[in-house]
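For reference, the structure discussed in these notes is given below.
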Amino acid sequence: MPEKARLMQGNEACTMAAIAAGLEFYAGYPITPSTEIAEICAEELPKVGGKFIQMEDEIGSISACIGASLTGAKAMTATSGPGFSLMQESIGYASLCEIPVVIIDVQRVGPSTGMPTSPAQGDLMQVRWGTHGDHPIIALAPGNVKECYELTFRAFELSEKYRVPVVVLTDEVIGHMREKVVLPDSEGYTIPRRAMPQSPAGYKPYAADPQGGVPLMAPFGTGYRWHCTGLFHDENGAPSSKPAVASALMRRLNLKIESKADELADCVAEGLEDCDIAVVSFGSSAMAALSAVRRSRSEGDKVGMLRLKTIWPFPSATVQRLLAPAKKILVPEMNLGQLALEIERAAGCERPVIRLGKVNGELFHPDEVFAAIKEAF
Amino acid sequence: MAEFLSYFRQDRLPHIWCPGCGNGTVTGALIRAIDKLGLDKNNIVVVSGIGCSSRAVGYLDFDTLHTTHGRAIAFATGVKLARPRLKVIVITGDGDSAAIGGNHLIHAARRNIDITTIIINNNIYGMTSGQASPMTPHGMLGTTAPYGNVEYNFDLCELAKAAGATYVARATTYHYVLLEDLISKALMHKGFAVVEALSQCPTYFGRKNKIGGAVDTLNWIKEQTVNVKAAAALPAEKRAGKILIGELHSVEKAEFTQQYLELIARVQRANPTYARNKGVPGCELNSD
């Protein structure tokens, strides 16, 4: 075990996990603070027979990933705010056409060019609603380097299983922070792989099993000869503008993920059982928040901490249950209250949800969160 | 005729194109070229973007990919690099490839990736009913150029050639035999191949510009063109303003995906003990 211990940064951990999960194809465009992911892929993927391509922009990057995924290859791209904005249309395509793809979004301060080398968490809503139309998406938020590895691996599992784009939502600090990580042992582990049909005879590319709502995906070039279109389509993949077809497709697509919200819920709770004040956060903000919460508790205050690792689908029921004892909820985040909105929606009723937003490119200091907790009492 | 129908998803017909549209002619030329070459249906992926011409893929019995506007070549790049054994064909229009997708066109050409790109150029945005495109000639009309187009159009073939495409050809829906022949050659070419098919949109371009119906628009296209071989013998004043058709550029150059496969082989030879790090989703962290 010790020989596998590595000092690595979050971006590197994401990449190592992707390769471990069977990444075969990476297309990307340089952008701070995600670029290391592209650089490592360029170097490492050929060693395992995988492909790397630097595309002409982020629109091309996500498009090439979707094309590769259609042939059965596991595909990933990485970017940050401005590039993530450019990718949105084709993310919607992958969502509608149910094509697995993993996107690492290493958040930086925005809007626009913003502060490219500083951390932020302002993409929380963009990751959910960035593309037009109701659509399913999964977003996971690592809180340290170890979780960059675990959640990127998980992103591939979920993307393959549900045929949905999965975003790993990190930030400049999580991406560039270095920690000692012991890579897991590979023995007995199976690389995630999407379910495939057995025979081209009678294959309907969008006929979903009624249980899970996920159709079987035939790789291009294997004799199935199916049509993939961003137009609304029927079970056969034929374009359709019939209201009944459109409605059935949209409801199945969205239910496929929303119905799994609690199953997909992943969070770390501490001291919530008897708390008066609950602090809810994610990503690098949660590091300072946890430190502040522990200090408050050591001083005898009833404060608990909830850190979300699954952001979308939003784990409303889980959050509601865990936050039940709290009289007030404090939400430190590096934006002006995007997570707080969801907390208000899921668990707010008649309890104040206090926004502690920070958008100056600096991390929270534990003292700031500590002071906010004091003030909340 | 019947043997060509087997290349179509007959349950998806009739198509949505207007009477007199040239898209069917170009699609027919592609199918006949594929048939003549005896390409394996199961090894072909046809990719398109958005627009009238891009709807062709929905009718074809291959693995087909109808993508977002302008991105067909980028999607196709992913398909081809992931699985270089596949024959990847792009069908796109002038708006799709020269406006919103222009960046992908020139970069695919620069890479010399083995994709056959057929650009159906009807000088107009047909799907959205007649707006000027980057291929609307100077002075002509579109609904967004109601007083005449004050912009200039590209020479798409010169553009593709300058960007690095290794096979470039142009034909028209009038010169059908030539079109089929050039598509065949493009399909056999190893590298980025562009065939521009000048095509008629009688509904919007022909009518708006008072050219007339489908046959008149077809003749209007024909009269502007001269074969590249014939042009060589013409005096300069007779060539002026003419659009060259025929094979315009064909060179041999190492192809992108082939070079990448060679790169993989080279890297793997240099790293013989490298094994894919198969991980499990649960690693240890020595600090909290």
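The values are calculated or read from the model by the stated rules, or taken from the named source; none is laboratory data. On a predicted model such as this, the values are computed, not experimentally measured, just so you know. Cβ atoms come from the backbone with ideal geometry, glycine included; neighbour counts cover every protein chain shown.
Yes/no matrix, rows are residues, columns are (1) more than 7 Å from chain A (Cβ to nearest Cβ); (2) modelled with pLDDT of 70 or more; (3) assigned to a loop (DSSP other than H, G, I, E, B); (4) out of contact with any Leu (no Cβ under 9 Å at 6 or more places or on another chain):
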position: B:H249; (1), (2), (3), (4): yes, yes, no, yes
position: B:K253; (1), (2), (3), (4): yes, yes, yes, yes
position: B:Q259; (1), (2), (3), (4): yes, yes, no, yes
position: B:A265; (1), (2), (3), (4): yes, yes, no, yes
position: B:Q268; (1), (2), (3), (4): no, yes, no, yes
position: B:P272; (1), (2), (3), (4): yes, yes, yes, yes
position: B:A275; (1), (2), (3), (4): yes, no, yes, yes
position: B:G282; (1), (2), (3), (4): no, no, yes, yes
position: B:S287; (1), (2), (3), (4): no, no, yes, yes
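The set of residues from segment A:194-215 being surrounded by fewer than 17 Cβ atoms within 10 Å (Cβ to Cβ) and away from chain B (no Cβ under 13 Å) comprises A:A195, A:M196, A:Q198, A:S199, A:A201, A:G202, A:A207, A:D209, A:P210, A:Q211, A:G212. Those strands (runs of 3 or more DSSP E) of segment B:1-112 in which at least 3 residues are within 14 Å of chain A (Cβ to nearest Cβ) and touching a Ser or Thr at 6+ places or on another chain (Cβ under 6 Å), considering only elements entirely within it, cover B:87-93.
In segment A:261-286, the residue that is surrounded by the most Cβ atoms within 10 Å (Cβ to Cβ) out of those that are touching a residue at least 12 places away in the same chain (Cβ under 8 Å) and part of a helix (DSSP H, G or I) is A:S285.
Within segment A:51-69, residues that are facing another protein chain (nearest Cβ under 7 Å) and over 7 Å from A:A27 (Cα atoms) reach partners that are assigned to a helix (DSSP H, G or I) and not hydrophobic (A, V, I, L, M, F, W, C) with beta carbons closer than 6 Å, at six or more positions or on different chains, in the pairs A:E56/B:N103; A:E56/B:H107; A:G60/B:H104; A:S63/A:S90; A:G67/B:G78; A:A68/B:G78.
Condition (residue is in the same structural domain as A:C349 (by TED's automatic domain parsing), among the hydroxyl-bearing types (S, T, Y) and not in a helix (DSSP H, G or I)) applied to segment A:312-335: is it met by at least one residue? Walk me through it before giving the result.
From segment A:312-335, those in the same structural domain as A:C349 (by TED's automatic domain parsing) are A:312-335; that's our starting set.
Filter again for among the hydroxyl-bearing types (S, T, Y), leaving A:316, A:318.
Add one more test, that the residue is not in a helix (DSSP H, G or I), and what stays is none.
No, the conditions are met nowhere in segment A:312-335.
Across segment A:341-372, the number of residues qualifying as within 23 Å of A:D274 (Cβ to Cβ) and crowded, with 21+ Cβ neighbours inside 10 Å comes to 6. The criterion of at least 3 residues that are of a type in the set (A, V, I, L, M, F, W, C) and over 17 Å from B:I113 (Cβ atoms) is met by the following helices (runs of 4 or more DSSP H) wholly inside segment A:1-86: A:10-20, A:35-44. When restricted to residues that are within 21 Å of B:E223 (Cα to Cα) and of a type outside the set (D, E, K, R), segment B:169-190 contains 11. Among the residues of segment A:29-43, is there at least one that is of a type outside the set (D, E, K, R) and facing another protein chain (nearest Cβ under 8 Å)? No. Apart from one condition, B:V150 fits all of (1) in contact with a helix residue (DSSP H, G or I) (Cβ under 9 Å, 6 or more places away or on another chain); (2) of a type in the set (A, V, I, L, M); (3) outside any helix (DSSP H, G or I); the exception is (1). Listed by first and then second residue, the pairs with beta-carbon distance under 9 Å, at least 6 apart or on different chains, first residue in segment A:287-314 and farther than 14 Å from A:E270 by Cα and free of Cβ contacts under 8 Å to residues at least 40 places away in the same chain, second polar (S, T, N, Q) and buried (at least 23 other Cβ atoms within 10 Å of the Cβ), form an empty list.
Could you check, for segment B:126-134, whether at least one of its residues is surrounded by fewer than 24 Cβ atoms within 10 Å (Cβ to Cβ), hydrophobic (A, V, I, L, M, F, W, C) and closer than 28 Å to A:G237 by Cα? Yes, because at least one residue in segment B:126-134 is surrounded by fewer than 24 Cβ atoms within 10 Å (Cβ to Cβ), hydrophobic (A, V, I, L, M, F, W, C) and closer than 28 Å to A:G237 by Cα.
Of all the numbered requirements in (1) basic (K, R); (2) in contact with a strand residue (DSSP E or B) (Cβ under 9 Å, 6 or more places away or on another chain); (3) without any contact (Cβ under 8 Å) to a residue 40 or more places away in the chain, A:K47 misses one, and that requirement is (2).
Suppose the filter is away from chain A (no Cβ under 14 Å), more than 30 Å from A:E24 (Cβ to Cβ) and at pLDDT below 95; does B:R239 pass it? Steps first, please.
Working: away from chain A (no Cβ under 14 Å): yes; more than 30 Å from A:E24 (Cβ to Cβ): yes; at pLDDT below 95: yes.
Yes, satisfied.
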